[in-house]
1. When only residues in the stretch 94-110 that are within 19 Å of the chain's Cα centre (by Cα) and either at pLDDT below 95 or more than 18 Å from residue 142 (Cβ to Cβ) (or both) count, which is surrounded by the most Cβ atoms within 10 Å (Cβ to Cβ)?
2. Within the set of pairs 6+ apart or on separate chains, which have a first residue in the stretch 49-73 that is more than 16 Å from residue 88 (Cβ to Cβ), a second that is crowded, with 17+ Cβ neighbours inside 10 Å and at pLDDT below 95, and C-beta atoms under 8 Å apart?
3. Could you say whether any residue in the stretch 96-103 is assigned by TED's automatic domain parsing to the domain that holds residue 21 and farther than 17 Å from residue 10 by Cα?
4. Is it the case that residue 16 is closer than 27 Å to residue 151 by Cα and either in contact with a helix residue (DSSP H, G or I) (Cβ under 6 Å, 6 or more places away or on another chain) or modelled with pLDDT under 95 (or both)?
5. Only one of these is more than 21 Å from the chain's Cα centre (by Cα) and over 24 Å from residue 118 (Cα atoms): 210, 217. Name it.
6. Kindly provide the set of residues from the stretch 53-75 that are closer than 15 Å to residue 142 by Cβ, assigned to a helix (DSSP H, G or I) and over 14 Å from the mean Cα position of the chain (by Cα), ordered by number.
7. What pairs can you find where one residue is in the stretch 24-38 and under 11 Å from residue 14 (Cα atoms), the other is part of a helix (DSSP H, G or I), and their Cβ atoms are less than 6 Å apart, with a gap of 6+ or different chains?
């Protein structure tokens, strides 16, 4: 707890969005314990901005998309809290985790905290196949943090000690095959563009080799088969994304 007479630490939640009207209301409801919520929108056409504004969020519309890293950095730059919680619209903060987050920022024992995501695939939480545990740095002191400028698979970096929170954060991703295919396409093309920009090679042969190995590692070595049908489909989806990420490197942007 803060020292007697000290101001309690303030907490900003930051979210980047595009067409998240389906997920956003439940996400925002789970963030009621935060002092402010910053939403940086990329040009939604489904009412996402109106939902965020009605919920009292501070909304910035930035349609000049430069990648996940730069867009999240914009949200971080707009935050005013002593601490920042980075979250996606398809993630939820249960009450137990909210309590743990508040306790962590008041003690200030670390400069950042990793949160373990419990990922779902087609409605089933996955606990094998490389999907769990899934620790990500999400809670940081604002004045010590920054995002990497990566187009995709960006990272949050903090200067100082990092610790882990104990409560899982539900991640309700890949709710149906439309979402699986849409995310595969976006992530694969972004990953290919990132590899191309850095001068790294791709090609169909390397793509097939990488995809086959990834499926074997996730489904067999990391025991994705223990998650049943969804475990098989999740491993196959990851392998397919890997294939297109490498295969698309040599195509024109």
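The values are calculated or read from the model by the stated rules, or taken from the named source; none is laboratory data. Only a predicted model underlies this, so the values are computations on that prediction, with no experimental measurement involved. Methodologically, a virtual Cβ is constructed for each residue, glycine included, from the backbone with ideal geometry; neighbour enumeration extends over all protein chains shown.
1. Start the filter on the stretch 94-110 by keeping residues that are within 19 Å of the chain's Cα centre (by Cα), which leaves 94, 97-98, 101.
Next, only the ones that are either at pLDDT below 95 or more than 18 Å from residue 142 (Cβ to Cβ) (or both) stay: 94, 97-98.
Working: 94: 14, 97: 21, 98: 18.
So, considering only residues that are within 19 Å of the chain's Cα centre (by Cα) and either at pLDDT below 95 or more than 18 Å from residue 142 (Cβ to Cβ) (or both), the one surrounded by the most Cβ atoms within 10 Å (Cβ to Cβ) is 97.
2. Short answer, once both residue conditions are applied: 66/151.
3. Taking the stretch 96-103 as the starting set, the residues that turn out to be assigned by TED's automatic domain parsing to the domain that holds residue 21 are 96-103.
Applying the additional criterion that residues be farther than 17 Å from residue 10 by Cα yields 96.
The answer is yes; a qualifying residue exists.
4. Details: closer than 27 Å to residue 151 by Cα: yes; either in contact with a helix residue (DSSP H, G or I) (Cβ under 6 Å, 6 or more places away or on another chain) or modelled with pLDDT under 95 (or both): yes.
It is true that residue 16 is closer than 27 Å to residue 151 by Cα and either in contact with a helix residue (DSSP H, G or I) (Cβ under 6 Å, 6 or more places away or on another chain) or modelled with pLDDT under 95 (or both).
5. On the way: 217 fails: over 24 Å from residue 118 (Cα atoms).
Selected residue: 210, the only one of 210, 217 that is more than 21 Å from the chain's Cα centre (by Cα) and over 24 Å from residue 118 (Cα atoms).
6. Quick first cut of the stretch 53-75, residues closer than 15 Å to residue 142 by Cβ only: 58, 72-75.
Narrowing further to those that are assigned to a helix (DSSP H, G or I): 72-75.
Scanning the stretch 53-75 gives a single hit, 74.
7. Filtered contacts from the stretch 24-38: 38/75; 38/78.
Condition check ((1) at pLDDT 90 or above; (2) assigned by TED's automatic domain parsing to the domain that holds residue 77; (3) farther than 29 Å from residue 23 by Cα) across all residues:
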residue	(1), (2), (3)
155	yes, yes, no
161	yes, yes, yes
194	no, no, no
201	no, no, yes
217	yes, no, yes
221	yes, no, yes
